[in-house]
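The values are calculated or read from the model by the stated rules, or taken from the named source; none is laboratory data. A quick note: this is a predicted structure, and the numbers were derived from the prediction, not measured. Note: ideal-geometry Cβ built from the backbone for every residue, glycine included; neighbour counts use all protein chains shown.
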């Protein structure tokens, strides 16, 4: 049984709360999941894209998890930006993300136990106007379609940072219709994302069987005291169950 942990919007560097959340999440995952588990983080690892923040999230979370698990990430707008709003694109931040995470080039694919996990860069720096709101260009969509076709005998998961169903103008993803159309026509089974800090489970929308939006993993949900994240359980290329795991912030 393969387990896939979905985290998002870690935002190390924003406050001490995020630092505490990283410690709690890392300790819980290390103590609760078997070797071979996949930990998938859909962007915004850090707040201002600084090397100091990347060093912190790497030493506190990424490196300990990598010793036991496969860790996969994609960038969010904060990962590529130097300001607190995630709106100022920075070459230095992009270079730091790539260096500390080892991710890319995108699209990237990871295959394990009957599952193909395809990652997109929706903070695409090739589109400076759209990287904050989210954008996946034709080059990535074309390659994603090829990867979906190449792995049509597997459970196909596509992940990115930006939420395609946010209607507020400042967060409305550009090109979302083309993204959803390419994912659905290519046969994607699951679409994962974050960005909005709002946990959602969306079924059978835009002809995609399941979409999972992660909340901010380092912050408890409304009226909750614990952190939480979703876990997908996959057996022989078949999604068996999606469950929510809770983590005590102060165990």
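The table below lists the values:
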| item | result |
| --- | --- |
| Condition broken by residue 27, with the remaining ones in (1) farther than 30 Å from residue 182 by Cα; (2) not in a helix (DSSP H, G or I) satisfied | (2) |
| Residues of the stretch 187-202 satisfying the condition of being within 15 Å of residue 157 (Cβ to Cβ) and either modelled with pLDDT under 95 or buried (at least 19 other Cβ atoms within 10 Å of the Cβ) (or both) | 188, 189, 190, 191, 192, 193, 194 |
| The stretch 79-101, residues that are crowded, with 21+ Cβ neighbours inside 10 Å, touching a strand residue (DSSP E or B) at 6+ places or on another chain (Cβ under 8 Å) and closer than 16 Å to residue 135 by Cβ | 79, 80, 81 |
| Elements of type strands (runs of 3 or more DSSP E) in the stretch 190-251, at least 1 residues being under 21 Å from residue 179 (Cα atoms) | 190-193, 200-205, 208-213 |
| All positions within the stretch 241-251 that are surrounded by fewer than 17 Cβ atoms within 10 Å (Cβ to Cβ), farther than 18 Å from residue 211 by Cβ and at pLDDT 95 or above | 246 |
| Residues (crowded, with 17+ Cβ neighbours inside 10 Å and more than 18 Å from the chain's Cα centre (by Cα)) located in the stretch 221-233 | none |
| Pairs where the first residue, in the stretch 55-72, is without any contact (Cβ under 8 Å) to a residue 40 or more places away in the chain and the second is surrounded by fewer than 15 Cβ atoms within 10 Å (Cβ to Cβ) and outside any helix (DSSP H, G or I), C-beta under 6 Å, 6+ apart | 68/35 |
| When residues of the stretch 209-218 are limited to those that are in contact with a strand residue (DSSP E or B) (Cβ under 8 Å, 6 or more places away or on another chain) and crowded, with 20+ Cβ neighbours inside 10 Å, the one farthest from residue 57 (Cα to Cα) | 211 |
| Check on residue 206, within 22 Å of residue 155 (Cβ to Cβ), under 16 Å from the mean Cα position of the chain (by Cα) and in contact (Cβ under 8 Å) with a residue 24 or more places away in the chain | no |
| One residue from 104, 76 being surrounded by 14 or more Cβ atoms within 10 Å (Cβ to Cβ) and in contact (Cβ under 8 Å) with a residue 60 or more places away in the chain | 76 |
| Filtered residues of the stretch 151-180 (kept if part of a helix (DSSP H, G or I) and free of Cβ contacts under 8 Å to residues at least 24 places away in the same chain) | 169, 177 |
| The lone exception for residue 181 - which of (1) touching a strand residue (DSSP E or B) at 6+ places or on another chain (Cβ under 9 Å); (2) modelled with pLDDT of 95 or more it fails | (1) |
